[in-house]
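Asker: Have a look at this one before I ask anything.
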Amino acid sequence: METVDLVIKNAAQLLIPKKDNARATLKIISDGAVACSGERIVATGKTADVIASIKNSKATRVIDASGMVVAPGFVDPHTHPVFFGSREHEFHLRNSGKSYTEIAEAGGGIRCSVRQLRRASKQQLIQHCLPHLDHFIENGTTTIEAKSGYGLTLDDEIKSLEVIHELNRLHPIDLVATFLGAHEIPDEYRSRHEDYVRLVIEEMIPRVAELQLAEFCDVFCESHVFNSDQSERILTAAKQYGFKVKIHADQLTSGGGAALAAKLKAVSADHLDHINDQAIQQLKNAGTIPVLLPGAVFFLGLTQYAPARKLLDAGLPVALATDFNPGSCMTESLPMMMTLASIYLKMTSEEVWCATTIHAAQAIARPGKIGTLENGALADIVIWNIPNYQYLPYHFGVNLVNCVLKRGKIVREKN
Ligand code: NIG
Ligand code: FE
């Protein structure tokens, strides 16, 4: 019998996302309990069975979750948290009729954040990011994928990735770093796109690899930014340097991004609001995870959401992410994404839970380690002040977290 450090018992529902063929299903245990030893989960099941299978010591902490739901901490597999300042003026411009593309073409959008980030020191960036990481934890997220992409010079991209590594050390949330030097064409390269592509391939990728600053490489594949051919060259170089790859694919137009993701066997293809039927099959055959970002469609005031039902009906393990960034989706809340996905993507409540846990973990190449409550997984656990799993997407716009544990330690408790 194992002596445990923590037991959460009497949960109205204990949610265990479980792999079941290509897609996961949600196992629901009523009157459930979970026991943890150190950073890991060691037992789950009915409260009586878990209690009978473990040993408590004087130091064991016991939490009573009566009337509440206990679930894995959320995994947010697509965020852009390293920026400086904000762009609320663009939000209001859009709401008075300007489009995202018009604002970008006039020098705003990503390039506005690039100018802001370049002026900030590493220390200023860290201080700017920390409160946002608190918001992730407060909303039930215990791991995020975090992209660079507002630097767009060798030094500013390295600065951004070093900030991600420093934040990982300073904050309880786990960050998984992605290099996104191909996020936009910076001001100084507007008339020579190809030179910028060469800078990314010949200088940035080798240097980021040498410094071991990122696990993934991503590209914004869209005809007005990096077209399919340029994206392929960048990601092929990245793979040669050992990066796993991701693509911002088919977000604003059907630009071949998803097909490219399949061709390169990308870990994930993200956005997909304009994906076509052929590319859905290609993703399926390649084992690429679709990451949908309904918050960006919503926040940009657009109407074409990703064809989630088609992706799910093709058997794909759909993940959801916030896309947290200062331009197209200024929120750290995955519960909000669950609500949007329920309404606009027509996903079931079981599907939105799997999409923010087990499938999201697959989208950052960490299956079985996070996003589940199975034995051996990290003890990243959220206790929700809700009566059942269907309630969370339904009661939107308020915080229903009771308690968040990261690696077995309480990092957030409701006052
Ligand atoms: O994922 N698509 C490109 N990048 C971001 C937007 C970033 C910004 O506007 O600052 C996105 O939506
Ligand atoms: Fe994004």
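Asker: Before we move on, is L283 over 18 Å from the mean Cα position of the chain (by Cα) and crowded, with 24+ Cβ neighbours inside 10 Å? Step through it out loud before you land on a result.
Answerer: Working: over 18 Å from the mean Cα position of the chain (by Cα): yes; crowded, with 24+ Cβ neighbours inside 10 Å: yes.
The answer is yes for L283.
Asker: For the subset of the stretch 223-232 comprising residues that are part of a loop (DSSP other than H, G, I, E, B), surrounded by fewer than 21 Cβ atoms within 10 Å (Cβ to Cβ) and of a type outside the set (S, T, Y), which member is nearest to ligand 2 (Cβ to nearest atom)? Spell out the reasoning first.
Answerer: Filtering the stretch 223-232 down to residues part of a loop (DSSP other than H, G, I, E, B) leaves 223-225, 227.
Remaining after also requiring surrounded by fewer than 21 Cβ atoms within 10 Å (Cβ to Cβ): 223-224, 227.
Now drop any that are not of a type outside the set (S, T, Y), which leaves 224, 227.
Details: H224: 15, N227: 18 Å.
Checking each candidate, the answer is H224.
Asker: Continuing with the same structure: Go through (1) modelled with pLDDT of 95 or more; (2) out of contact with any Leu (no Cβ under 8 Å at 6 or more places or on another chain); (3) crowded, with 16+ Cβ neighbours inside 10 Å and name the single condition K19 misses.
Answerer: (1)
Asker: Let me ask something else. Looking at the structure I just gave you, is V197 away from ligand 2 (no atom under 16 Å from the Cβ) and assigned by TED's automatic domain parsing to the domain that holds F216?
Answerer: Working: away from ligand 2 (no atom under 16 Å from the Cβ): yes; assigned by TED's automatic domain parsing to the domain that holds F216: yes.
Against the criterion (away from ligand 2 (no atom under 16 Å from the Cβ) and assigned by TED's automatic domain parsing to the domain that holds F216), V197 qualifies.
Asker: Just for the stretch 58-105: of the residues that are over 30 Å from I386 (Cα atoms) and touching a Ser or Thr at 6+ places or on another chain (Cβ under 6 Å), which one is surrounded by the fewest Cβ atoms within 10 Å (Cβ to Cβ)?
Answerer: Within the stretch 58-105, the match that is surrounded by the fewest Cβ atoms within 10 Å (Cβ to Cβ) is F83.
Asker: Out of the residues in the stretch 179-198 that are away from ligand 1 (no atom under 16 Å from the Cβ) and of a type in the set (D, E), which is surrounded by the fewest Cβ atoms within 10 Å (Cβ to Cβ)?
Answerer: The selected residue is E194.
Asker: Restricting the search to the stretch 276-315, which residues are of a type in the set (A, V, I, L, M) and within 16 Å of ligand 2 (Cβ to nearest atom)? Steps first, please.
Answerer: Step one: of the stretch 276-315, the residues of a type in the set (A, V, I, L, M) are 279-280, 283, 286, 289, 291-293, 296-297, 300, 302, 306, 308, 311-312, 314.
Correct list: I289, V291, L292, L293, A296, V297, L300, L302, A306.
Asker: Which helices (runs of 4 or more DSSP H) does the stretch 94-172 wholly contain that include 1 or more residues that are of a type in the set (V, I, T) and more than 15 Å from ligand 1 (Cβ to nearest atom)?
Answerer: Numbers: elements: 100-105, 110-119, 122-138, 154-170.
Counting at least 1 such residues, we get 122-138, 154-170.
Asker: Listed residues L260, L252, L235; which is within 14 Å of ligand 2 (Cβ to nearest atom) and outside any strand (DSSP E or B)? Talk me through it step by step, then tell me what you get.
Answerer: Numbers: L260 fails: within 14 Å of ligand 2 (Cβ to nearest atom); L235 fails: within 14 Å of ligand 2 (Cβ to nearest atom).
None of the other options fit; the residue is L252.
Asker: Determine, yes or no, whether I201 is at pLDDT 95 or above, in a helix (DSSP H, G or I) and within 16 Å of ligand 1 (Cβ to nearest atom).
Answerer: Details: at pLDDT 95 or above: yes; in a helix (DSSP H, G or I): yes; within 16 Å of ligand 1 (Cβ to nearest atom): no.
Judged against the criteria, I201 is not a match.
Asker: Among the candidates L312, L345, L378, L334, which residue alone is on the phi < 0 side of the Ramachandran plot, in contact with an Asp or Glu (Cβ under 9 Å, 6 or more places away or on another chain) and in the same structural domain as F396 (by TED's automatic domain parsing)? So that I can check it myself, show each step before the final result.
Answerer: Numbers: L312 fails: in the same structural domain as F396 (by TED's automatic domain parsing); L345 fails: in the same structural domain as F396 (by TED's automatic domain parsing); L334 fails: in the same structural domain as F396 (by TED's automatic domain parsing).
On inspection, the qualifying residue turns out to be L378.
Asker: Could you go through the stretch 158-178 and let me know if any residue there is touching a Lys or Arg at 6+ places or on another chain (Cβ under 6 Å), within 30 Å of A259 (Cα to Cα) and either buried (at least 24 other Cβ atoms within 10 Å of the Cβ) or not hydrophobic (A, V, I, L, M, F, W, C) (or both).
Answerer: There is at least one residue in the stretch 158-178 that is touching a Lys or Arg at 6+ places or on another chain (Cβ under 6 Å), within 30 Å of A259 (Cα to Cα) and either buried (at least 24 other Cβ atoms within 10 Å of the Cβ) or not hydrophobic (A, V, I, L, M, F, W, C) (or both).
Asker: Another one. What's the number of the condition K58 fails, among (1) touching a residue at least 24 places away in the same chain (Cβ under 8 Å); (2) in a strand (DSSP E or B)?
Answerer: Checking K58 against (1) touching a residue at least 24 places away in the same chain (Cβ under 8 Å); (2) in a strand (DSSP E or B), the one that fails is (1).
Asker: Taking only pairs six or more apart or across chains, which ones have beta-carbon atoms under 8 Å, a first residue in the stretch 74-98 that is more than 17 Å from L117 (Cβ to Cβ), and a second residue that is within 11 Å of ligand 1 (Cβ to nearest atom) and of a type in the set (F, W, Y)?
Answerer: D76/F324; F91/F299; R94/Y100
Asker: Kindly indicate the residue of the stretch 316-337 that is away from ligand 2 (no atom under 14 Å from the Cβ) and over 13 Å from the mean Cα position of the chain (by Cα) and also surrounded by the fewest Cβ atoms within 10 Å (Cβ to Cβ) among those meeting that condition.
Answerer: M336
The values are calculated or read from the model by the stated rules, or taken from the named source; none is laboratory data. Please read these numbers as outputs of a predicted model, since none were measured by experiment. All Cβ positions, glycine included, derive from the backbone under ideal geometry; neighbour counts span all protein chains shown.
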